[in-house]
Amino acid sequence: MRGQFDTPCKFPAKVLASLRPGYLTVFIGYGLGLADGGIPHEVPIDNIPFDLRLPNSEFIAIIDRSNGQIIGIERYH
């Protein structure tokens, strides 16, 4: 709806690797239903904290519904 803010979505995510300079390939929705392995998504490397950039790092990705971009990261406790 226009004029209203949608709440962002939170999905589990897992880092695959850096397959292209300046980007990380991250599986969004890792471990959820039919997307059990997640949906690969290329994310600018600067959007992911340094200690979560290693392969197999897991975190919660906060996704903006309007454009599908990662707008934040939550760590697992």
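Please compute the length gained on full extension between residue 52 and residue 64, using 0.36 nm multiplied by the number of residues separating them and subtracting their Cα-Cα distance.
Working: separation 12, 0.36 × 12 = 4.32 nm, distance 2.00 nm.
Working it through step by step, the gained length comes to 2.3 nm.
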- request: Determine, from the Cβ-Cβ distance of residue 76 and residue 20 and an R0 of 25 Å, the FRET efficiency 1/(1 + (r/R0)^6), rounded to the nearest 0.05.
  value: 0.45
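Provide the packing ranking of 45-56, 18-29, 61-72, i.e. peptides ordered by the mean count of other C-beta atoms within 10 Å per residue, highest first. Let's see the in-between values first.
Values: 45-56: 12.1, 18-29: 15.8, 61-72: 14.2.
Highest-to-lowest ranking by the protection proxy: 18-29, 61-72, 45-56.
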- prompt: When all alpha-carbon pairs of the chain are counted, what percent fall beyond 18 Å?
  reply: 37 percent
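Coordinate-derived values only; no laboratory data. Keep in mind it's a predicted model, so treat the numbers as computed, not measured. In this analysis, Cβ positions are derived from the backbone assuming ideal geometry, glycine residues included, and neighbour counts consider all displayed protein chains.
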